[in-house]
Amino acid sequence: MSNRNRLTVDLSYNNRLHLGVRLLPHQWIEIYGPTVAVEVMVHPNMAKILKETGKTVPEPVIGDAMIDSGAQATTIDTSVAERLHLPHTSKIEAFGIGGKSEGYTSPCSIFIPSLKLTTSCTRAHCHELTKNAKHIIALIGRDILKQMTFFYDGINGQVQLVYPLPFGVV
């Protein structure tokens, strides 16, 4: 596929501050991990029902999502799910570096503005993320990453996401 049929975002970590100290790009991604700006929204089916019943569709929650190739499913912070009034569809247990965590699933959509990509998650995991990482509202898991190419250059502190467009789109 030629480069003109792809959307690419180079995530810049230059000149970011940590506790008042300007970090080099490789230091930033070592401390915070690779992040991308996102908007978490209600699932389109839920938005349609809300509109049809005369209810207001909650505004998207804007923040940073960490790209987590170790996460099978995309996860949103429980505070985001609560702000969007997302329904709990099932209880789940997750296992990670911090041990076992109980949560639930909810349908939502995630928009990555830099890629012009909106993806609907019918079973996004909901867990308390901001407890340990105040700036992270979501984790982009392999359920979304499978749609793109992800380059991680830790030496130079560079991250790139490439989202292939449908054939023929320029």
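The values are calculated or read from the model by the stated rules, or taken from the named source; none is laboratory data. Keep in mind that what you see is a predicted model, and the values were worked out from it rather than measured. Methodologically, a virtual Cβ is constructed for each residue, glycine included, from the backbone with ideal geometry; neighbour enumeration extends over all protein chains shown. Note: areas computed on protein heavy atoms with side chains; ligands, DNA, RNA excluded. Shrake-Rupley method; radii C 1.70, N 1.55, O 1.52, S 1.80 Å.
Considering region 110-129 alone, what residues qualify as being assigned to a strand (DSSP E or B) and closer than 18 Å to V36 by Cα?
Once the filter is applied, which keeps residues that are assigned to a strand (DSSP E or B) and closer than 18 Å to V36 by Cα, region 110-129 yields I110, F111, I112, L117, T118, T119, S120, C121, A124.
Take the residues of region 73-109 that are assigned to a loop (DSSP other than H, G, I, E, B) and touching a His at 6+ places or on another chain (Cβ under 9 Å): which is modelled with the lowest pLDDT?
A73
Among the residues of region 1-16 satisfying the criterion of being of a type in the set (A, V, I, L, M) and open to solvent by less than 90 Å² (accessible area, probe 1.4 Å), which is modelled with the highest pLDDT?
L11
Kindly check whether there is at least one residue in region 60-81 that is farther than 22 Å from T149 by Cα, surrounded by fewer than 19 Cβ atoms within 10 Å (Cβ to Cβ) and acidic (D, E).
No, region 60-81 has no match at all.
Please find, within region 17-59, the residue that is surrounded by the fewest Cβ atoms within 10 Å (Cβ to Cβ) out of those that are assigned to a loop (DSSP other than H, G, I, E, B) and within 20 Å of the chain's Cα centre (by Cα).
If we take residues in region 17-59 being assigned to a loop (DSSP other than H, G, I, E, B) and within 20 Å of the chain's Cα centre (by Cα), then E59 is surrounded by the fewest Cβ atoms within 10 Å (Cβ to Cβ).
Mind listing just one residue for me: the one in region 117-135 that is farther than 15 Å from Q72 by Cβ and over 14 Å from the mean Cα position of the chain (by Cα) and, of those, least open to solvent (accessible area, probe 1.4 Å)?
Per the stated criteria, the residue is E128.
Filter region 136-148 for residues that are more than 12 Å from the chain's Cα centre (by Cα) and either within 15 Å of S109 (Cβ to Cβ) or in contact (Cβ under 8 Å) with a residue 40 or more places away in the chain (or both) and give the result.
Result: Q147, single match.
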